[in-house]
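The values are calculated or read from the model by the stated rules, or taken from the named source; none is laboratory data. Worth saying up front: this structure is predicted, and the values here are computed from it rather than measured. Methodologically, a virtual Cβ is constructed for each residue, glycine included, from the backbone with ideal geometry; neighbour enumeration extends over all protein chains shown. Just so you know, the surface numbers come from the protein's heavy atoms only, side chains and all, with ligands and any DNA or RNA stripped out. Shrake-Rupley method; radii C 1.70, N 1.55, O 1.52, S 1.80 Å.
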Amino acid sequence: VHLNEENLKKLLAGDIKTVAKVISLVENNSTSSQAWLESLAPISTQVVGITGAPGAGKSTLVNSIVAHYVQKELRVAVLSVDPSSPFNYGAILGDRIRMVDHFLNKHVYIRSLASRGALGGLSLRLFEILDVVRTAGFDKIIVETVGIGQSEVDIAGVADTKVVVVVPEGGDEIQTMKAGVMEIADIFVVNKCDRPNAAEFAHNLKALSHNRSRLDGWQIPVLQTQADKHVGIEELCCAIEAHFLNSSAASDHQQLMLCEKAYQLICQQKMHGITKSALRSEIQQASLEAGFNIYEFVAKYR
Ligand SMILES: Nc1nc2c(ncn2[C@@H]2O[C@H](COP(=O)(O)OP(=O)(O)O)[C@@H](O)[C@H]2O)c(=O)[nH]1
Ligand SMILES: [Mg+2]
């Protein structure tokens, strides 16, 4: 299958089936999709990243946000890079909005992406997939990622607005919060605010984040939500909107995003076709030969 005129026309018209089709093409890195990507003019749809530890309530929160947007008659796409929990977005969505399936099917696109063990856990083709979704004319794009180790930092070049979801735990947790998380958050969400100590936790987090001065002058909001009850979602969506307005105006922010994106795309290019399983079988052969040297072996990948 190729990315032909017909597909492009349907994609521009926002046809959901075509979105899925073109994503598959892009995932398989076809020549036609590469040429298409190189012909794209930039589209500035807001990409909202939702990241945090497993179980923090990211998927539930995404559901609530989607419901909020759909009620405002916005078209929204969700890309989930969370291999651990295939969450049934539709189920909660169905509870919240009394709308015919056919409306949802036209306004909401949800796709789980396998991370394929890529660097930092993000899907190898996430940037390209985002551009497919942008072209399809969605009003908002949400990316859910699991934040373990370094992976939450990866989202830096992906999302215009990065929401870090945490849950109220002992106060000590905040102190040990990874520096990387502090640095990437544009908005903190203390979810599960029905739990004890939520207010105190949020207060401490606020104090901590206000101590960090940001070049763009953005004050990181610390918001409390109860995602499963749709509490605090309106405020969160307002903050998401405010951050987008703030960052769109900041050329620094735009350049930083482009730099992150370029870096990741170059890594992807350089690593093209290199997998550990292929290396393994090559090494199996090569290491048997007399005088095998690892530096000599890797030199051909330069
Ligand atoms: N008590 C409470 N539970 C919640 C809240 N939000 C989500 N949960 C529950 O937390 C669990 C994990 O939620 P999920 O959205 O799958 O978390 P994820 O792994 O971060 O995507 C589920 O059982 C949710 O129902 C909340 O605000 N309060
Ligand atoms: Mg999830």
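Among the residues here, Val66 qualifies as within 30 Å of Met182 (Cα to Cα), within 16 Å of ligand 2 (Cβ to nearest atom) and either surrounded by 15 or more Cβ atoms within 10 Å (Cβ to Cβ) or over 22 Å from the mean Cα position of the chain (by Cα) (or both).
Taken as a whole, the structure leaves Lys58 outside the set of residues that are open to solvent by 70 Å² or more (accessible area, probe 1.4 Å), in contact with a Ser or Thr (Cβ under 9 Å, 6 or more places away or on another chain) and not aromatic (Phe, Trp, Tyr).
Going residue by residue through the range 23-37, is there one that turns out to be within 16 Å of ligand 2 (Cβ to nearest atom), within 21 Å of Asp154 (Cβ to Cβ) and either at pLDDT 90 or above or not in a helix (DSSP H, G or I) (or both)? No, the range 23-37 contains no residue that is within 16 Å of ligand 2 (Cβ to nearest atom), within 21 Å of Asp154 (Cβ to Cβ) and either at pLDDT 90 or above or not in a helix (DSSP H, G or I) (or both).
Residue-wise test of (1) within 16 Å of ligand 2 (Cβ to nearest atom); (2) of a type in the set (A, V, I, L, M); (3) surrounded by 13 or more Cβ atoms within 10 Å (Cβ to Cβ).
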site: Val189; (1), (2), (3): yes, yes, yes
site: Ala207; (1), (2), (3): no, yes, no
site: Gly217; (1), (2), (3): no, no, no
site: Val222; (1), (2), (3): no, yes, yes
site: Lys229; (1), (2), (3): no, no, no
site: Ile233; (1), (2), (3): no, yes, yes
site: Cys259; (1), (2), (3): no, no, no
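Name the single residue, out of those in the range 26-38 being farther than 18 Å from Ser112 by Cβ and of a type in the set (A, V, I, L, M, F, W, C), that is least open to solvent (accessible area, probe 1.4 Å). For the range 26-38, the residue satisfying everything is Trp36. Taking (1) modelled with pLDDT of 90 or more; (2) among the charged types (D, E, K, R); (3) assigned to a helix (DSSP H, G or I); (4) more than 20 Å from the chain's Cα centre (by Cα) in turn, Glu241 satisfies each apart from (4). Taking the range 1-22 as the range and being in a helix (DSSP H, G or I) and open to solvent by 70 Å² or more (accessible area, probe 1.4 Å) as the test, the residues that pass are Glu5, Glu6, Lys9, Lys10, Leu12, Lys17, Lys21.
For the range 131-153, a residue qualifies if it is buried (at least 23 other Cβ atoms within 10 Å of the Cβ), modelled with pLDDT of 65 or more and assigned to a helix (DSSP H, G or I), and the qualifying residues are Val132, Val133.
For residues in the range 44-66 being among the hydroxyl-bearing types (Ser, Thr, Tyr) and assigned to a loop (DSSP other than H, G, I, E, B), which is nearest to ligand 1 (Cβ to nearest atom)? Residue satisfying both the conditions and the ranking: Thr45.
Taking the condition of a type in the set (S, T, N, Q) and open to solvent by 90 Å² or more (accessible area, probe 1.4 Å), does Asn246 pass? Here the answer is no, as Asn246 does not meet what is asked. Within the span defined as the range 46-53, one or more residues are under 24 Å from Cys237 (Cα atoms), among the polar types (S, T, N, Q) and surrounded by 23 or more Cβ atoms within 10 Å (Cβ to Cβ). Could you identify the single residue in Ala290, Ala278 that is in a helix (DSSP H, G or I) and out of contact with any Phe, Trp or Tyr (no Cβ under 8 Å at 6 or more places or on another chain)? Checking each option against the conditions leaves just Ala278.
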